[in-house]
Each structure stands twice: as structure tokens, then as C-alpha cells.
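Where a number appears in this text, it was derived from the coordinates with a stated rule and is not lab data. Computed from a prediction, not measured in an experiment: that's the story for all the values here. When we count neighbours, we look across all protein chains shown, and the Cβ atoms used for this are built from the backbone with ideal geometry, even at glycine.
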Amino acid sequence: MHGKQKTNKIWGGRFTEDTDTFVSEFTASVGFDRRMYRQDITGSIAHARMLAKIGVLSEIDCAAIIQGLEEILIEIESGRFEWSVELEDVHMNIEARLIERVGDAGRRLHTGRSRNDQVATDMRLYLREAIDIIFSKLRCFQGILADMAACEAATVMPGFTHLQVAQPVTFGHHLLAWFEMLKRDSERLSDCRRRVNIMPLGAAALAGTSYPLDRVYTAQLLGFDAPTANSLDAVSDRDFAIEFTSVAAILLTHLSRMSEELVLWSSSQFNFIELPDRFCTGSSIMPQKKNPDVPELVRGKVGRVNGHLVSLLTLMKSQPLAYNKDNQEDKEPLFDTVDTVLGCLFAFIKMIPEIRLNRNVMLKMAQGGFSTATDLADYLVRKGLPFREAHEIVGKIISSLIEKKGNLLDMTLVELQRFSHLITIDVFSILSLENSLATRNVLGGTAPSRVREAAALAQSWVATNNVTMPV
Ligand code: ARG
């Protein structure tokens, strides 16, 4: 017998002393990777089925393994499973329990497999599922925006550049700008899923295995599109996690921009919208405060996900082939990214349908700020002036209005004609917000009729889940 073995670890054969307690704790991942227990069990069942199919495992052992794993799943889900830090990670915890339950059959499960391909497979299964859930939440939010845009296709609000009133736009148009951002996020997410959905199992530790595994069969059982093409790459690269996190960072960047607008709009300076009380909190000292905590928090969460992206990039940087323990550090950033994205989407799905619009306030602000000055310049161009000259004349009108705190919409014909004799009575239809909006009728423009069309397209995109939107 090998009398020298001093440790009861699964891999303890060549060891002559027990692992230092600190090292066991420091290297353990079970505290966080146990969240992949379902994927680990599903992967093991598929692996066992494949081993039985190629005759490496007897049908009897295979059945015992599957039954044992299914019972372990119930143990875990009912909170009866005892997780052990000594057993390092989710994989060895489940395998050790399987051996406890079914004996030798359990000892045969790890044939032709390593934790290196096992963990990479679990991660991909986990992420694929997370992507599908995020995708459906995202679509739900897009649906809310598309429906709201259809209702608000003619609601006037000021459009801003440099946060200054620029030209009138419709609120529906603004909402559809948000929709477009999210549509690209959805597309990026489905594209990322294609590269996630490739199966590392069978790469074994790093070089493949001498057992005649049917990897295509295992891939089919697990719903993967294909097995990985290179075993070294399969166990070592985490670019799929980096890619997902970068997609998430862009998505959260978009949500942070929306959040910022909600914060601005709900402030008393803007007063465009009201957030329901139950989405806000008060101040412990200032009784008048109603703070838009939810959008502020979403705005802040992007920092966290950007951090995870940098963590994962740095984790991967300069790693030599093939598996290195560094890669155990991929999990917490990835899991937290998934949780954060889902939390933020959930917040928006709940909050956005509840915002109350102060349409009159929006309209008022759009009427100020000389928002139809460009329309007046275009009017003079149509009367024969070169655009630069028209721009100059309108600039002078605005300057005079600023001086006497006037509004372009209140000027009389006589006052206007002082600046150009080309201006006639028809100017008033040009200066109105309705006219300004209606004439922005180019494809992709803010005219209510265009917005109605765009909202309908957005709604059908949500309904059909097409990745490309018809123009
Ligand atoms: N817990 C490990 C991880 O997350 C599993 C793979 C360990 N493989 C190894 N050879 N130490 O990466």
C-alpha cells in the first residue's frame, strides 16, 4: 500500500502532508461557485450518458450515477447538502457526495474529464442561461418603451444639446432613442451567446483524452452548438466572460444615461416627470427632499460592472496556456455582473411605466429657449437668403430678445420685419412648435408621423424578436 499518503483529498495520492488550513480556505471557491451546482450536475449527467454510449461506463453504473446526481440536486435545493471548504469547489463537493452515495460508480464519473474542462463547461452553461434571462428582460423593457413611444408620439418636449434647449422634439422620439440603444445591446447579447455556446468538455486537463469520447453527442445533450476545436484554448480562455461583461458594461452605460435623464427630469429645476413615492426615499435631515434613489443607484452600478470588466481583462492578460488557477477569479466578477444587470433591468421595468409626465411643463420649456430659431433661419433661406446670412439675421433677433427677455413666439410681424423685409405673415406658421416638429419628417426624424411609424416598427421588433429591424 502507499503508506506515505497523509491527506484525504481526492487528489491526495502524491502528497505527504495535509494542506495548510489557510491554503485550503484561500484556494477554495465553493463559497461562490456553488451557485453553478445545477450546471455541474447537468454536465456530469451528460458526461456519464456519453461514457455509457461509447461503452466506457456500464449502463448500471451510468444509471446509478444519474440517480445519485438527481438526488444530490434535491439535497442541494432543499438546503440539506453540506458544503465543505475542505472539498474546495462545487465540482469536488458534488463528486465526493456522489461517491458517498453510490460508491464505485461515482468514482468512475471523472473518467476522461478534468475539473479544467468541467469548470469551463459549467461557466458556459451558467452564462448561457443568464444571457437568455437578461435577453428576455431586456425585450420586456424595450416593449415598454415602444408602447410608451407610440402613446407619446406627439408629446412635445425640448430637445437638448449641451444640456441647453436646442430644438423641439417629441417625447416618443426620445424614448425611441433609448429603445435603439437597447436594441443594439440585445443584438450584442445574442452575438455573444453564439461564442459562449461552445462546449469545452472533452478537452480534459489540457491535451484532450485517450478515451474515445463522443463530444458531439455530449454537446447535443447539453444544447451546445458544437464542441470546442482546441483543448488548450478550451480550458484556458475566458474571453467569453470578458465579452459578456463588456456587453453588460455597454448596456449599463446606456441605463446610466437614462438614469441621469430621469434624475434631471424629476428635479424641481426641470419638473418634467414625477417618480412615484415608492421609488424614492427621503432625507433624514431635510424634510422637503424626495430623492430619486433608484435611478441614481442604477447610474452608480455601471462603475461596478466596468470594474468587473477590467478585472477580467487583467485576469486573462499574459496568462500562458493552458489552465491556471488565476481563472478561478473569473467567477465573482461574472456572477456579480449578471446580478447587477438583472437588478437594474428589473428596476427599470418596474419604474418606467410608473413615471408621471408633466406634459405642460415640457411644452413650456420647449416654447422657451428660442427652440424654433433654426426654423426661422430655414424660412429665410427658402425666401432666397444664403444660410449663413439667415443665421446672422436670426442671431440678431435672438440677441435683441435676450436683452429684453422676450420670446420668439411672442414677436409681432412689424418687430420681425425690422430685421428682414423678407419676413411676411406666413412666418407665424413656421415659428410654431407643431410646425417645427411636423417638418422634421425625414427618416429617423422627430415628426410625430415618423415617430408613430418608428414606434410600430419597434413594437414589431419586440414581438418578432428579429435581430435586424426593417427600415
Ligand atoms: N475551482 C477551479 C476553478 O474555478 C476548478 C478548476 C481547478 N482545476 C485545477 N486544476 N486546480 O477554476
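Between the amide H of residue 273 and those of 266, 358, distances stay under 5 Å, these residues lying 5 or more places away or on another chain, with hydrogens modeled in the peptide plane. Working note: Karplus 6.51/-1.76/1.60 with θ = phi - 60° gives segment 82-98 the couplings 9, 7, 10, 5, 3, 8, 6, 9, 4, 5, 6, 4, 6, 5, 4, 5, 4 Hz, where Gly and Pro are set to x.
Rounded, prolate or oblate: which one fits segment 256-308, using the alpha carbon gyration tensor with axes a ≥ b ≥ c (rounded when a/c is under 1.5, else prolate when a/b beats b/c, else oblate)? Note, shape of segment 256-308 comes out oblate. 3J(HN,Hα) along segment 316-324: 7, 4, 6, 5, x, 5, 10, 6, 10 Hz, from the Karplus curve 6.51 cos²θ - 1.76 cosθ + 1.60 with θ = phi - 60°, whole Hz, x for Gly and Pro.
Please sort by residue number the trypsin sites (Lys or Arg not before Pro) in segment 363-462 whose DSSP state is loop and whose Cβ has at most 16 other Cβ atoms within 10 Å. Walk me through the numbers on the way to the answer.
Working: sites: 364, 382, 383, 388, 396, 404, 405, 418, 440, 450, 452; in loops: 383, 404, 405, 418, 440.
Answer in residue order: 383, 404, 405, 418.
If I take R0 = 56 Å and measure r between the Cβ atoms of residue 16 and residue 449 in this structure, what FRET efficiency does the formula 1/(1 + (r/R0)^6) give, to the nearest 0.05?
Working: r = 81 Å, r/R0 = 1.45.
Given R0 = 56 Å and the Cβ-Cβ separation, E is 0.10.
A cut-off under 14 angstrom between Cβ atoms defines the neighbours of residue 218, and their net charge, with Lys, Arg +1 and Asp, Glu -1, is +1.
Relative to the Cα centre, the charge distribution of the chain, modelled as +1 at Lys and Arg Cβ and -1 at Asp and Glu Cβ, gives a dipole magnitude of about 920 debye.
Exposure proxy ranking for 283, 24, based on other Cβ atoms within 10 angstrom of each Cβ and starting from the fewest, stands as 283, 24.
Of the GluC sites (Glu not before Pro) in segment 11-96, the ones in a loop by DSSP (not H, G, I, E or B) with at most 14 other beta carbons within 10 Å are 17, 82. Just check segment 155-217 against the gyration tensor rule for me: Cα atoms, a ≥ b ≥ c as the square roots of the eigenvalues, rounded for a/c under 1.5, and otherwise prolate or oblate depending on whether a/b exceeds b/c. Since a/c reaches 1.5 and a/b is larger than b/c, the shape of segment 155-217 is classed as prolate. Ranked for footprinting exposure by Cβ neighbours inside 10 Å, fewest first, 362, 92 give 92, 362. Summing charges over neighbours of residue 430, with a neighbour being any other residue whose Cβ is under 10 Å away from its Cβ, gives -2 when K and R count +1 and D and E count -1. In terms of its C-alpha gyration tensor, segment 1-81 comes out oblate, because a/c is 1.5 or above while a/b does not outweigh b/c.
Each Lys or Arg adds one and each Asp or Glu subtracts one; over the other residues with Cβ under 14 Å from the Cβ of residue 313, this totals -4. Amide hydrogen proximity for residue 159: with H placed 1.01 Å from N in the peptide plane, the residues at 5 or more positions away or on another chain lying under 5 Å are 166, 167, 169.
Percent of C-alpha pairs per 10 Å bin in the chain, short distances first: 4, 16, 21, 18, 14, 11, 8, 5, 3, 1, 0, 0.
Round to the nearest 10 and give me the degree value, 0 to 90, for the angle of helix 373-382's Cα axis relative to the longest principal axis of the chain. Relative to the chain, helix 373-382 is tipped by roughly 60 degrees. Modelled this way, with points 7 Å down the Cα-to-C-beta line, the labels at residue 396 and residue 135 are 6.1 nm from one another.
Between the residues 303, 208, 222, the greatest Cα displacement towards the positive end of the dipole of segment 168-308, with unit charges on the Cβ of Lys, Arg, Asp and Glu, is found for 303.
Here segment 266-339 was treated as a single set of alpha-carbon atoms; its pair distances binned every 5 Å from 0 give 3, 12, 17, 14, 10, 9, 9, 8, 7, 5, 4, 1 percent.
Near the amide H of residue 29, within less than 5 Å, lie the amide hydrogens of 89, all on another chain or at least 5 residues away, with H placed in the peptide plane.
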